[in-house]
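Bear in mind that the values in this text are calculations on the coordinates, not laboratory data. A quick note: this is a predicted structure, and the numbers were derived from the prediction, not measured. Positions of Cβ are generated from backbone atoms using ideal geometry, with glycine treated the same way; all protein chains shown enter the neighbour counts.
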Amino acid sequence: MSGSGRGAGGAAGGAAPRPVIGLEIHCQMTSLKSKLFCPCRADYRGMAPNENVCPVCMGMPGTLPRLNAEAVRRGTMIAMALGCAIPERISFFRKNYFYPDLPKNFQITQLDMYGDTSIGGRGSVLVGGRTVGIRRVQLEEDPGRMIYEGASVQNRISLVDYNRAGTPLVEIVTEPDFEGPRQLRLFLQMLSDMVGNLGVCNPALEGAMRADANVSLEGGNRVEIKNISSFHDLEKAVVFEIARQEAQHSRGLEVAQETRHWDAARKITAPSRLKEEEKGYRYLLEADIPWVRIDAETVESLKSRMPESVSEKRERFVSRHMIPPQVADVLSSDKMYSDLFDAARTDKNARELANIITTDLMGLAMASSAAAAAPAAARDDVGGDAQKKKHDDPASDVIRVDGLRELADAVASGQMARNSAKQALHEMAKTGKSFAEVSSEMDLGLISDESELLGVVRSVISEEPQAAKQAYSNPNTVNYLVGKVMQKTRGKADPQVTLELLKRCLLGD
Amino acid sequence: MNHSSIIRASALEYVRGVTSGEFTAEEFLSETLSRVGEAETRYHAYLRVEDSQRLLARAREVDRGIKSGQKVGLLAGMPVSIKDNICMRGSRTTCGSRMLEGFVAPYDATAVSRLHAEGAIIVAKANMDEFAMGLSTEFSAYGPSRNPWNTEYVPGGSSGGSAVAAAAFECVASLGSDTGGSVRNPASFCSVVGYKPTYGLVSRHGLVSYANSIEQIGPIARTVSDAALVLGVIAGRDEHDDTTADAAADDYLEGIEGGVEGMRVGIVDEMTEGADPEVARAVARAAGDLEAAGASCERISLDMVGYSVPSYYTITAAEAASNLARYDNLRYGYDLPTDGYEFNSYVAEARGRFGPEVTRRMILGGYVSSAGHAGRYYLKALKVRAKLTREVADAFASSYDILMAPTVPILPFRIGEKSDDPVSLFMVDLNTVTANLTRRPAVSVPYAVSAGGLPIGIQMMADSMQDKTLLRAARALERKRPPLPEVPD
Amino acid sequence: MPPRLITTLAIPQSGLVTEEEIESVSKLVRIKVVDHREHVEKVRDMINFFEMLDSAGVEDDELVMDDVHVSQLREDVHEPFGGLSGYVRQYRDGYVRVPNMS
Ligand SMILES: [Zn+2]
């Protein structure tokens, strides 16, 4: 691999060379219905141990992999979204090594050993104004999960649950184009938005997105960091590793080329013991899977199936639906909420709907999931942190598209005040009642009945003689009085009707 | 044994006899089972015979079906056997290895479910070289099978048990598997028909992999037509095997009597030159028979055949090391407690149950596919396979319908004679591996018996998916050949 | 009489493979071999035999692979297998127990 001697030794004392970081991200295709090579569930979560298995994913004698066509299609879509070249044919390889979580003692994966036959390669994406190269996108199978019991090492019991074995993974290998944690964060956010938007993965699920990083100082040896359990820790691990390498450099020591693991408890990276196989895996063509042709016609039909990208969606929200850019940012980056928006929007309610979703509905969801959140430690979950709070919450289950549309319509047409909309939403989420029921029960509708409002208007005028007088000459004072009426009606007075009534009373006609 | 017994019937005769009421499926099965009981003391064709009461109950069911005019399937209660590397639900599948001594298959191989669907009764699991590695059945962990023509001799392998069972009337037909000749070689040694289909014609779902890129399940039977009948039952696209050809089910008996008039037959020099003189003479006579039937025969040279054996052994060793890696005894297998073992030492200990030949081939496979050596061995072997495939494809495209040679260049050998010299055993495979490496169909047809009373088979090979042409040529040779002596008993 | 074929295919005798190599490969494929010497000779013979491939002149040859169209593959449908538990060794609660990694 990279030669020793090119390292930092000679540059001791000088300014540290710039850090160079690359990522390997594993994204589970949790939105598929079946595993990569058998018809067991792709999303194994919530199942009893070894319930989601069959002879194929248990590596029973005589079984053969049955490649999932949709995994190939969705993988191709991710590759296209990452600007990759799509090969005419893809192939699979066996990576041979022994591990208890690997039922066949080899992993079926992709490799560019005999030509570029991974599902995508040589792509690039723009992140925060800089280009990140995508070296390779490949399909592979997830291994099972190991569980350890017992307090001490002597009493330890190792158990395996193979429910996860064979879950489709997309591995995305970037070029070492990152210089620091901020860029990493932007990239990972973009990527989790992308896979969510493409309907491949729900990045909020525990363990659905995992990453390894490789870090070096320019010209120095490369260090791989594994066992990183969250986006948050990825940044910490990278920051630590850069600092460690810079310290080595400043002391004139060469950074060893090695694999290190992130010790989340001690917040350091530590050298991993090398498995024998890591010195050189044995790869073999996977002859049980014929090479798969992905012809131009298939690529075209996948292109037409590709949903709008997050940036295209944001652009549409701003220019077509007149949504403020900051609101559009939030809304477009979340597939579930932006789908909800598109389903409930009309030409008239779009702005209000966007506000209701991004402030009231998301706020409600965050509050309810914070209350319900079990502090389950996500062992190798990278994507979870940021998004977990927004998804899988009871609130968004209950709020149906119709209710949301009616609510936004009511606000947009002036039949309901903005404040009341928030209350109505909470009530709808809590009780599951329809918008009509909630608005009538809670009496949240605007008071536009003149006879009802007239009493309030008169009492405000008599309580505020000063203001009433000034109102003849100063229109701002009229607004002040409208505010007072609003206060008295807890925001339910129809502002248009109130203004009319005030003018009428003050002018005495 | 009574030699006029009904169990000497061919598969076609069986089907005619049982459906016309000449005999019942139960009679036939029970005679077969008593023949098995008597023959097994000498031949050891089978590793396990299924429960006879349950088998007989199924035969009675078939008989009731025939009487009441219901559908009983093409095979109508025919007793067949399958090699012990083919999975049958609820039945032990050991692959002739102590490593899988306790393994019970949780599902049916596609070939098995198709046999069942056509009314076959699977009576036994047949002996084999451990994990199909061998060509004499001497590498079975459960003891060798013996050649019914002379029990001092090997029956060939690795599907030796299947060939012996068909030759010795312990079933009407049997399924073997052919990775480099494992169906054709024992068929030749036992004087029965062994058929290796075009790769992808028969599903491998449920066939325990040895070298998955080249192997196929194939029928072994007493006549070419019987092999064609069974092939028709098991062949065809299977959603459980992505490598099966996109071909509909077909009747392989159709046109089988069509003869070889106008066919062009090439006799491969590289496969004939070094053959035993008696074997070489048989090939020459077979060519004469085919010419008399209207075919034209000429010699052909295929340069790459000389490299086929090292290519074959490199690829099979590399694939075997990978395919057999799953036998770590963790999820299924035999009883070996894990206490006190570290993972790697446990797995190594458990895998100590593999026999010496399998062990050697896995070491070999690990070596030729390791990071440092793959380019020199594994990749080069793949390229030899590609070049050989081109050469064979060209021969078929330009000049020939059939390529012919002895199935095995030598006569059957004595038990123990060669088991200690792997490289000389390799050469026994010389004529058979080309069909596997190039994925072409090939068949061994019994042709003669040597002066010493040992069978000689002729191999014919055709182009991809030309299985019907191949069967037609094989049937023509079968019809034309001089009468064969009866198998001694 | 042995077939002439064995002599017509000249076997190079470079004898490169050592006992240590056999030992390390047997570790790689996880097989406990009590006496590596037992296998050295035979494996060495086989590997030497494989060196014939060097003279095949195939360096520039391309691999030929079968292919299928993506539409021929299995569609994404979930079908539970059911009934595998009786065939798999269980520790408890459905887990498979394995020896500890060192
Ligand atoms: Zn499965």
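Sum up the charges of everything whose Cβ sits under 13 Å from the Cβ of residue A:486, counting Lys and Arg as +1 and Asp and Glu as -1, but leave residue A:486 out. Numbers along the way, then the final one.
Numbers: positive: A:418, A:484, A:488, A:490, A:492; negative: A:494.
So the environment of residue A:486 carries a net charge of +4.
Order of A:313-324, A:329-340 by packing, highest average Cβ count within 10 Å first? Intermediate values should be presented prior to the final figure.
On the way: A:313-324: 16.8, A:329-340: 20.5.
Top to bottom by mean Cβ count within 10 Å: A:329-340, A:313-324.
Over the Cα atoms, compute the radius of gyration (one decimal) and Dmax (the largest Cα-Cα distance, rounded to a whole number) for segment B:115-167, in Å.
For segment B:115-167, the Cα-based Rg and Dmax read 12.0, 39 Å.
How large is ³J(HN,Hα) for each residue in segment A:480-492, as worked out from phi by the Karplus curve 6.51 cos²θ - 1.76 cosθ + 1.60 (θ = phi - 60°), to whole Hz, x for Gly and Pro?
So the J values, rounded to whole Hz, are 4, 5, 4, x, 4, 4, 4, 4, 5, 9, 6, x, 9.
Report the residues of segment A:326-363 in range of a label on residue A:312: point 7 Å along Cα→C-beta, backbone N strictly under 20 Å from it.
Backbone N within reach: A:328-345.
Under 20 Å from a label point 7 Å along Cα→Cβ of residue C:37: give me every residue in segment B:359-390 with its amide N that close.
Once the point is set 7 Å along Cα→Cβ of residue C:37, B:360 turn out to lie under 20 Å by backbone N, inside segment B:359-390.
Could you work out, residue by residue across B:382-393, how many beta carbons of other chains sit within 10 Å of that residue's beta carbon, and then give the average as an integer?
Mean partner-chain Cβ count within 10 Å for B:382-393: 4.
Please work out how many pairs of lysine residues in chain B are eight or more positions apart (or on different chains) and have Cα atoms closer than 21 angstrom. Walk me through the intermediate numbers first.
On the way: B:83/B:125; B:83/B:196; B:125/B:196; B:196/B:468; B:468/B:480.
Close lysine pairs found across chain B: 5.
Rounded to the nearest angstrom and ordered from largest down, what semi-axes does the equivalent ellipsoid of chain A get from its C-alpha gyration tensor (root of 5λ)? Display every interim value, and only then the final one.
Working: eigenvalues 611, 150, 100 Å².
With the √(5λ) rule applied to chain A, the semi-axes are 55, 27, 22 Å.
Assuming R0 = 45 Å, what is the FRET efficiency of residue C:18 and residue B:12, from their Cβ-Cβ distance, to the nearest 0.05? Present the calculation step by step, with values, prior to reporting the outcome.
Details: r = 58 Å, r/R0 = 1.28.
Computed FRET efficiency for residue C:18 and residue B:12 comes out at 0.20.
Apply the Karplus curve 6.51 cos²θ - 1.76 cosθ + 1.60, θ = phi - 60°, to the phi angles in segment A:214-219 and return the couplings in whole Hz, x for Gly and Pro.
10, 10, 8, 9, 3, x
Would you mind getting me the FRET efficiency between residue A:47 and residue A:149? Use the beta-carbon distance for r and R0 = 22 Å, nearest 0.05. Show your work: numbers first, answer last.
Working: r = 19 Å, r/R0 = 0.88.
Approximately 0.70, to the nearest 0.05.
Kirkwood-based Rg over Rh for the protein assembly as shown (C-alpha set), two decimals?
Expressed as Rg/Rh, it is 1.10.
Based on the Cβ-Cβ distance from residue C:91 to residue B:296, what FRET efficiency comes out when R0 is 45 Å, to the nearest 0.05?
Numbers: r = 68 Å, r/R0 = 1.50.
Result of the calculation: an efficiency of 0.10.
Over all alpha-carbon pairs in segment A:89-183, figure out the percentage whose distance exceeds 15 Å.
Details: 3140 of 4465 pairs.
Result for the distance tail: 70 percent.
Counting each DSSP H run of 4 or more residues in chain A as -39500 (n - 2.57), what helix-only mean residue ellipticity at 222 nm follows after dividing by all residues, to the nearest 500 deg cm²/dmol?
On the way: 18 runs with 195 residues, N = 509.
About -11500 deg cm²/dmol.
How large is ³J(HN,Hα), in whole Hz, for each residue of segment A:344-357 in order, when computed from phi with the Karplus curve 6.51 cos²θ - 1.76 cosθ + 1.60 and θ = phi - 60°, using x for Gly and Pro?
Here the 3J(HN,Hα) series is 9, 7, 10, 4, 7, 8, 3, 4, 5, 4, 4, 5, 4, 5 Hz.
Treat each spin label as a single point 7 Å out from the Cα along the C-beta direction, and report the residue B:41 to residue C:65 distance in nm.
5.6
222 nm [θ] for chain B, helices only, -39500 (n - 2.57) per DSSP H run of 4+, per residue, to 500? Don't skip to the answer; put the middle values down first.
Working: 16 runs with 182 residues, N = 489.
Helix contribution divided over all residues of chain B: -11500 deg cm²/dmol.
Excluding residue A:60 itself, what net charge comes from residues whose Cβ is under 9 Å from its Cβ, given Lys and Arg +1 and Asp and Glu -1? Don't jump to the answer; show the numbers that get you there.
Details: positive: B:326, B:331; negative: none.
It works out to a net charge of +2.
Where nothing but the Cβ of Lys and Arg (+1) and of Asp and Glu (-1) is charged, how large is the charge dipole of chain B around its Cα centre, in debye to the nearest 20?
So the dipole magnitude of chain B works out to roughly 300 debye.
Assuming 1.002 mPa s and 20 °C, estimate D for chain B with Stokes-Einstein, Rh taken as the Kirkwood radius over Cα pairs, in µm²/s.
Values: Rh = 22.3 Å.
Rounded to a whole number, D works out at 96 µm²/s.
What's the local net charge at residue B:88, with K and R +1, D and E -1, over the other residues with C-beta under 13 Å away?
Details: positive: B:48, B:54, B:83, B:89, B:92, B:114, B:125; negative: B:50, B:51, B:84, B:108.
With Lys, Arg at +1 and Asp, Glu at -1, the neighbours total +3.
Mind putting a number on the dipole of the protein assembly as shown about its Cα centre? Charges go on the C-beta only, +1 for Lys and Arg and -1 for Asp and Glu, and I need it in Debye to the nearest 20. Walk me through the intermediate numbers first.
Values: 124 positive and 149 negative charges, 387 e Å.
Value, rounded to 20: 1860 debye.
What size of dipole, in debye to the nearest 20, comes out for segment B:3-69 about its Cα centre when the only charges are +1 on Lys and Arg C-beta atoms and -1 on Asp and Glu C-beta atoms? Working shown, then result.
On the way: 10 positive and 11 negative charges, 22 e Å.
Result for segment B:3-69 is approximately 100 debye, rounded to the nearest 20.
How would you rank B:25-32, A:142-149, highest first, on the average number of other Cβ atoms within 10 Å across their residues? Show your work: numbers first, answer last.
Details: B:25-32: 22.0, A:142-149: 16.8.
Final packing ranking: B:25-32, A:142-149.
Relative to the present Cα-Cα distance, how much length would full extension add between residue A:232 and residue A:244 at 0.36 nm per residue of separation? Mind dumping the intermediate values first?
On the way: separation 12, 0.36 × 12 = 4.32 nm, distance 1.85 nm.
The span from residue A:232 to residue A:244 would gain 2.5 nm if fully extended.
Please state the Cα pair-distance histogram of segment B:6-234 with 10 angstrom bins from zero: what percent is in each bin?
Percent of Cα pairs in each bin: 9, 38, 38, 13, 1.
Other chains' Cβ within 10 Å of C:34-46 residues: what's the mean?
On the way: counts 1, 0, 1, 0, 3, 5, 1, 1, 9, 8, 0, 5, 13.
Mean shielding count: 4.
Working from Cα positions, state the angle (0 to 90°, nearest 10) between the long axis of helix A:69-81 and the longest principal axis of chain A.
70
Order A:474-484, B:350-360, B:211-221 from most to least packed using the mean count of other Cβ atoms within 10 Å.
Values: A:474-484: 15.3, B:350-360: 21.3, B:211-221: 27.3.
Highest to lowest by the protection proxy: B:211-221, B:350-360, A:474-484.
P(r) tail for segment A:19-297, what percent of Cα pairs lie past 27 Å?
Working: 16317 of 38781 pairs.
The share of Cα pairs beyond 27 Å in segment A:19-297 comes to 42 percent.
What value does segment B:346-489 have for Rg/Rh, both radii from Cα atoms and Rh as Kirkwood defines it?
On the way: Rg = 19.3 Å, Rh = 18.3 Å.
Here Rg/Rh amounts to 1.05.
Between residue B:19 and residue B:237, what is the label-to-label distance in nm when each label sits 7 Å out along the Cα-to-Cβ direction?
Computed distance between label sites residue B:19 and residue B:237 equals 2.7 nm.
Go through A:485, A:181, A:340 and say which Cα lies farthest out towards the positive end of the charge dipole of chain A; charges sit on Cβ, +1 for Lys and Arg, -1 for Asp and Glu.
A:181
Percent relative contact order of chain B, based on C-alpha pairs within less than 8 angstrom and at least six residues apart?
Details: 1143 pairs, mean separation 82.5, N = 489.
Value for chain B: 17 percent.
What's the average, rounded to a whole number, of partner chain beta-carbon atoms within 10 Å of each residue's beta-carbon in A:32-39?
On the way: counts 2, 5, 6, 2, 0, 2, 5, 8.
Mean partner shielding for this stretch: 4.
So, in nm, how far is label residue A:267 from label residue A:434 when the simple model puts each one 7 Å beyond its Cα toward the Cβ?
In this crude spin-label approximation the distance works out to 5.5 nm.
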